[in-house]
Structures are given as structure tokens and as C-alpha cells.
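A short worksheet on the structure shown next.
The values are calculated or read from the model by the stated rules, or taken from the named source; none is laboratory data. As the structure is a prediction and not an experimental result, all values here were calculated from the model. Backbone-built Cβ (ideal geometry, glycine too); neighbour counts: all protein chains shown. The accessibility values were calculated without ligands, DNA or RNA, using every heavy atom of the protein model including side chains. Shrake-Rupley method; radii C 1.70, N 1.55, O 1.52, S 1.80 Å.
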Amino acid sequence: IEFIRSLYYNKVELVRFSSSLGKFVGFTQFGLKVADQFNSDAAILAALKAQKETYCLTNVGLDHRNI
């Protein structure tokens, strides 16, 4: 299970957090700068890793029971 949080501007993806990587990845020149800022903040990374448990891991059983 992978948790992804993406930030877009004018339909262009600037930056993405991937729980499998555990960090932000930038896709534009500006996105690279934003990703560096977010990756240097341990609180943001910890919060997004916790959201994976909140959103994904609690709903895994629900999805598999309905299939």
C-alpha cells in the first residue's frame, strides 16, 4: 500500500510525497526547491507517514472484505 500526496499548480504536478520513498520528489525546477524544504522538515515527514496509517492501513480490511 502506498500513500501519495501531490501538489499541483495549473494542472502541472510540482511535488509529490510517496510513502514508499518516505520523502518528497520535485518534478519542476520550483518543485525541486519545495521538495528540499519539505524534506528538511522532520515534522512534515512524520505527519505524512502517520497519515498512511490513518488512511490506508485502517481501510485495507474494508476493501478486501467487499471484493
Fill in: the chain: relative contact order in percent, alpha carbon pairs under 8 Å with at least 6 residues between
24
Discussion item. Taking the Cα of N59, stepping 7 Å toward and past its beta carbon, and measuring to each backbone N in the range 14-52: which are under 15 Å?
Written reply: 51-52
Response to the item:
So the angle from the long Cα axis of helix 42-51 to the longest Cα principal axis of the chain, reported in degrees to the nearest 10, equals 30
Worksheet entry | Answer label for Cα Rg over 2.2 N^0.38 Å (calculated), chosen among (i) 1.27; (ii) 1.09; (iii) 1.48 | (i)
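For a quick protection proxy, order the peptides 36-43, 22-29 by their average other-Cβ count within 10 Å, most packed first. Each step should come with its number before you reach the end.
Working: 36-43: 12.0, 22-29: 15.8.
Per-residue Cβ counts within 10 Å, averaged per peptide and sorted highest first, yield 22-29, 36-43.
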Worksheet item: Which of the aspartates and glutamates could a cross-linker span from K23 if the Cα-Cα distance has to be under 18 Å and same-chain partners fewer than 8 positions apart are dropped?
Response: E2, E13, D36, D41, E53
Discussion item. Can you give me the angle between helix 29-39 and the longest principal axis of the chain, using Cα atoms only, in degrees from 0 to 90, rounded to the nearest 10?
Written reply: 60
Item to complete: Run the quick spin-label model on D41 and T28: label points 7 Å from Cα toward the beta carbon, then report their separation in nm to one decimal.
Response: 1.9
Discussion item. Can you give me the solvent accessible area of E2 with a 1.4 Å probe, rounded to the nearest 10 Å²?
Written reply: 90
